[in-house]
Amino acid sequence: MNPIRDIADRYVEQAAQLDPVGATSAGLTGFDHLMTDLTTAGFAARAALDRATLAELEQAVAADDEQVARQAMIERLTIAGQLYESGATTSELNVIASWLQSVRQIFDLMPVEGAGAQSNLAARMAAVPGAYRGLRSTYADAAAQGCVASRRQVAACAKQCADWSAAGADFYGGLVDRTGATGAIRAELDRAAAAATAATAEFGR
């Protein structure tokens, strides 16, 4: 019996389902066609998983060789819970490491060659508008609770969106060009890229 390992394995599986972008970042396969739910409900679901897992860890009896893993998970999940409860998680907006960047940057980690990879790219790009709509609603909910990013960060992030969606130099259009795709899959990629680009520009506005 390895109770801590079992808890950790379940957590990774459930966390990947709730955060496909995080799964891709961690190198987990099978989630590249999906986008993370960035609505308030999505953040709440991930926080609920953290709380439930933390409760399991606190009750579990760890073997000697699992003590370090147990304490590390408890530390990380406790901090994550504190950040969520403070409102920092759902209001975080900065020019380096917030969900605005994660939605765009995850495509840098995805392969572009082959039918399967290109299908994943198209599906995830098509989900970008929904992700940004969800994030906008989450920021609005956080703002209603008095949790907001600084004006300087907001302005800088708006500029990032403008740069990523600039006519003739947009990120998603360039990504599609790098795939070398043709035919029906190219048409699907072009539609998804156009939608993602428009959503990025709108998010910046």
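The values are calculated or read from the model by the stated rules, or taken from the named source; none is laboratory data. None of the values given here were measured: they were computed from a predicted structure. Reconstructed Cβ throughout: ideal geometry from the backbone, glycine too, with neighbour counts over all protein chains shown. SASA here: full protein model, heavy atoms, side chains in, ligands and nucleic acids out. Shrake-Rupley method; radii C 1.70, N 1.55, O 1.52, S 1.80 Å.
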Exercise for the section: With a point put 7 Å past each Cα toward its Cβ, work out how far Ala169 is from Arg205 in nm, to one decimal. Expected result: 2.1
Problem - Sulfur and carbon atoms: percent of accessible area, the range 11-118 [1.4 Å] - result: 57
Handout entry: Pairwise FRET efficiency - Gln14 versus Thr182, Cβ, R0 = 35 Å, nearest 0.05
Key = 0.35
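Work out the FRET efficiency for Leu28 and Ser86 from their Cβ-Cβ distance, taking R0 = 30 Å, and round it to the nearest 0.05.
That gives a FRET efficiency of 0.60.
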Exercise for the section: Please name which of Gln105, Leu121, Ala162 has its Cα lying farthest along the dipole of the range 96-170 towards the positive end, using unit charges on Cβ (Lys, Arg +1; Asp, Glu -1) and the Cα centre as origin. Expected result: Ala162
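Given a 1.4 Å probe and heavy atoms of the protein chains only, how would you sort Cys161, Cys147, largest accessible area at the top?
Cys147, Cys161
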Handout entry: 0 to 90° range, to nearest 10: angle between helix 3-18 axis and the chain longest Cα axis
Key = 20
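Taking a probe of 1.4 Å, how large is the accessible area per residue of the range 64-166, in Å²? Don't skip to the answer; put the middle values down first.
On the way: 5560 Å² over 103 residues.
Solvent-accessible surface per residue comes out at 54 Å².
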Fill in the blank from the handout: In the neighbourhood of Thr90 defined by beta carbon distances under 11 Å, the net charge of the other residues (Lys, Arg +1; Asp, Glu -1) is -2
Handout entry: Label-to-label distance, nm, for residues given as Asp141 and Ala72 (7 Å Cα→Cβ offset)
Key = 3.2
Practice task
Report the Stokes-Einstein translational diffusion coefficient (µm² s⁻¹, integer) for the range 50-141, Rh taken as the Kirkwood radius over Cα pairs, at 4 °C with viscosity 1.567 mPa s.
Solution key: 80
Problem - the chain, relative contact order in percent, only Cα pairs under 8 angstrom and at least six apart counted - result: 23
Practice task
Sum -39500 (n - 2.57) across every DSSP H segment of at least 4 residues in the chain, then divide by the residue count to get the 222 nm mean residue ellipticity, nearest 500.
Solution key: -23000 deg cm²/dmol
Problem - Overall Cα dimensions of the range 96-191, principal axis frame, Å, largest first - result: 49, 23, 20
Handout entry: Cα centroid of the range 171-195 to Cα centroid of the range 1-47, whole Å
Key = 28
Exercise for the section: Identify which of the listed values of Rg/Rh (Cα atoms, Kirkwood Rh) was calculated from the structure shown: (1) 1.03; (2) 0.94; (3) 1.05. Expected result: (1)
